[in-house]
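The structure under discussion appears below in the form of structure tokens.
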Amino acid sequence: KGYCEYCLEDYKNAYSSFVRFTTDGKTAAYKYVTEAYDLSSKAALQYGDYTQASNQIENLIKISMSENEKQEAVIYLCDIYCDAKKYGKAISLLEPYVNAKNDFTMTALFKQAQVYEKQDNLTSADMIYEKIYTEYPKGEFAQEAMYRSGELFYSHEDYAGAQKRFNKYIYRYIDGKYFDAALFFCGDCDLKLGRYDECVMLNTNLLSKYPDGSY
């Protein structure tokens, strides 16, 4: 019933049905209970109730039987907190995971840096990005962390700080995923800083290496 209401976009009734199910269905199959928590949260988000949405995912975290399920729920809950502008709760939620030293640590660190970005906390976000690419240089988030740190300073119009970080990316990741973007923005920083020779060199390199690229 709850699922049908959800599909019919009757989100408030869907939420109520899912809550009744998780409250009354004490012997229900685990699969349906976890889906009910997930969909009740999504239903609550549809009508803008972040408190109800977060409560359901908090319940999902408590009953998650595998670490992978719990970690996915933690990231989802973090996003809900951020949408509700409860940045302190998002940071606190991630705190046990950023110090855990396991496969999820980098994901939690990267997410925490993004929360600080949303707060416009340049110093803390940059510190965490640096920790990721320094302590986990071969990790899946290392490249993106270094590029995002440059992007972060660029968006705050600190072009000297951005140039330094984009330049570091260019030299470390010569065939990196964000190499063309790093060339472009590093060159743009040089232009804004009046370093015209460096700007010309980077843009010439960009045109040569990516003649058909978007940048």
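Key figures
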item: Residue that is over 27 Å from T134 (Cβ atoms) and aromatic (F, W, Y), where the choices are Y147, Y210; result: Y210
item: Among (1) open to solvent by 30 Å² or more (accessible area, probe 1.4 Å); (2) modelled with pLDDT of 95 or more; (3) under 21 Å from Y133 (Cβ atoms); (4) not charged (D, E, K, R) - the single one V115 does not satisfy; result: (1)
item: Qualifying position, being part of a helix (DSSP H, G or I), out of contact with any Leu (no Cβ under 7 Å at 6 or more places or on another chain) and either surrounded by fewer than 20 Cβ atoms within 10 Å (Cβ to Cβ) or on the phi > 0 side of the Ramachandran plot (or both), among K70, K85, K101; result: K70
item: Residue that is most open to solvent (accessible area, probe 1.4 Å) [pool: residues in the range 37-67 that are of a type in the set (S, T, Y) and farther than 22 Å from D10 by Cα]; result: S66
item: Failed criterion for P96 (all others in (1) assigned to a helix (DSSP H, G or I); (2) open to solvent by 50 Å² or more (accessible area, probe 1.4 Å); (3) over 29 Å from D49 (Cβ atoms) hold); result: (3)
item: Matching option when the condition is more than 21 Å from E69 (Cα to Cα), in contact with an Asp or Glu (Cβ under 9 Å, 6 or more places away or on another chain) and either aromatic (F, W, Y) or crowded, with 20+ Cβ neighbours inside 10 Å (or both), among Y11, Y6; result: Y11
item: Sole residue being out of contact with any strand residue (DSSP E or B) (no Cβ under 9 Å at 6 or more places or on another chain), closer than 27 Å to I91 by Cα, crowded, with 17+ Cβ neighbours inside 10 Å and at pLDDT below 95, chosen from Y129, Y147, Y133, Y154; result: Y133
item: Count of the range 168-204 residues which are assigned to a helix (DSSP H, G or I), within 18 Å of Y147 (Cα to Cα) and open to solvent by 50 Å² or more (accessible area, probe 1.4 Å); result: 4
item: Helices (runs of 4 or more DSSP H) enclosed by the range 1-50 - at least 2 residues per element that are under 23 Å from the mean Cα position of the chain (by Cα); result: 30-46
item: Any hit, the range 57-65, residues being in contact (Cβ under 8 Å) with a residue 24 or more places away in the chain, closer than 24 Å to K31 by Cβ and part of a loop (DSSP other than H, G, I, E, B); result: yes
item: A90 vs. criteria of a type in the set (G, A, S), assigned to a helix (DSSP H, G or I) and either in contact with a strand residue (DSSP E or B) (Cβ under 7 Å, 6 or more places away or on another chain) or closer than 17 Å to Q114 by Cβ (or both); result: yes
item: Close pairs from the range 191-208: first under 24 Å from K177 (Cβ atoms), partner assigned to a helix (DSSP H, G or I) and open to solvent by 70 Å² or more (accessible area, probe 1.4 Å), Cβ under 7 Å, at least 6 apart; result: C199/L191
item: Verdict on A36 being among the small types (G, A, S) and touching a helix residue (DSSP H, G or I) at 6+ places or on another chain (Cβ under 6 Å); result: yes
item: Residues within the range 73-82 that are over 15 Å from F104 (Cα atoms) and either open to solvent by 70 Å² or more (accessible area, probe 1.4 Å) or not aliphatic (A, V, I, L, M) (or both), tallied; result: 3
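The values are calculated or read from the model by the stated rules, or taken from the named source; none is laboratory data. All figures in this text were calculated on a predicted structure; none of them were measured in a lab. Please note: Cβ atoms are built from the backbone with ideal geometry, for glycine as well, and neighbour counts cover all protein chains shown. The protein model used for the area step is the full one, side chains on, heavy atoms only, and it has no ligands, DNA or RNA in it. Shrake-Rupley method; radii C 1.70, N 1.55, O 1.52, S 1.80 Å.
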